[in-house]
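The values are calculated or read from the model by the stated rules, or taken from the named source; none is laboratory data. None of these values were measured; they are calculated from a predicted model. Note that each Cβ is placed from the backbone with ideal geometry, even for glycine, and that neighbours are counted across all protein chains shown.
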Amino acid sequence: MKLVFLGPPGAGKGTQAKLLAKSKGLAHISTGDMLREAVAAGTEVGRKAQDIMNSGQLVPDDIILKLISERTAKPDCKAGFILDGFPRNVAQAEALQMMLQKEGGNGKNLDQVLYFEISEGELMKRLENRRQSEGRIDDDSETQRRRISIYEEQTAPLIDYYRSQGVLKKINSLGSVEEIQDRVVKAIQ
Ligand code: AMP
């Protein structure tokens, strides 16, 4: 099973991706986590990404696509994976499609894209909570606003992109972690 979890920062998709990956034996691939690890390890990718991430902008596609193609080639991805935070724009989605078609050889693309829907008011509330509890450096209020506007400009067009491919399912992101988990499990059945 190959899934994409799509939605604005703070919609709860990371939490749900972790839970579903564990229960279904899928690999959880978070490009944000991979980049943060690279920054912490001081690799070349980390050095290139650090300032861009702190400013709330998107890291260049070539860096991200290399990370994804290396990661999806690992053995734990054989049974399938959940992409969390990737693709972030149409160019990345097109590159992903080409990558999957090449690998599978059977023209099979993504099984489903779950879109975590949430109002802007709720989103700002959650990001503020996250900033206070995790102290994420990229979550100060100005950066938050920039991340959301970049999401609107570059990532939100993927909703129509995947809807037109007939793979999009909406998940109401209001409720407890367990309630949302139930919706996710039903959506992929
Ligand atoms: P996230 O944890 O998914 O919110 O990602 C944190 C930051 O990492 C983002 O604000 C971007 O700077 C960068 N990032 C993560 N995934 C991507 C991606 N697919 N494309 C470009 N930049 C990304």
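Of the residues in region 146-187, how many are β-branched (Val, Ile, Thr), surrounded by 15 or more Cβ atoms within 10 Å (Cβ to Cβ) and closer than 28 Å to residue 23 by Cα?
6
Can you tell me which residue within region 1-18, out of those that are of a type outside the set (Val, Ile, Thr) and either more than 27 Å from residue 182 (Cβ to Cβ) or surrounded by fewer than 17 Cβ atoms within 10 Å (Cβ to Cβ) (or both), is nearest to the chain's Cα centre (by Cα)?
In this case the residue turns out to be 18.
Being assigned to a helix (DSSP H, G or I), more than 27 Å from residue 120 (Cβ to Cβ), in contact (Cβ under 8 Å) with a residue 40 or more places away in the chain and among the small types (Gly, Ala, Ser) is a condition met by no residue of region 27-40. Within region 97-116, identify whether any single residue is more than 21 Å from residue 72 (Cβ to Cβ), within 16 Å of the chain's Cα centre (by Cα), of a type outside the set (D, E, K, R) and modelled with pLDDT under 95, and answer yes or no. No.
Inside region 50-60, residues that are in a helix (DSSP H, G or I) and either within 7 Å of the ligand (Cβ to nearest atom) or of a type in the set (Phe, Trp, Tyr) (or both) make up a count of 2. The set of residues from region 42-60 being of a type in the set (D, E, K, R) and surrounded by 15 or more Cβ atoms within 10 Å (Cβ to Cβ) comprises just one member, 48. Out of the residues in region 64-95 meeting the condition of being free of Cβ contacts under 8 Å to residues at least 40 places away in the same chain and either among the aliphatic types (A, V, I, L, M) or not in a helix (DSSP H, G or I) (or both), tell me which one is farthest from the ligand (Cβ to nearest atom). The residue in question is 78.
Condition check for residue 43 on (1) under 15 Å from the mean Cα position of the chain (by Cα); (2) away from the ligand (no atom under 13 Å from the Cβ): one failure, at (1).
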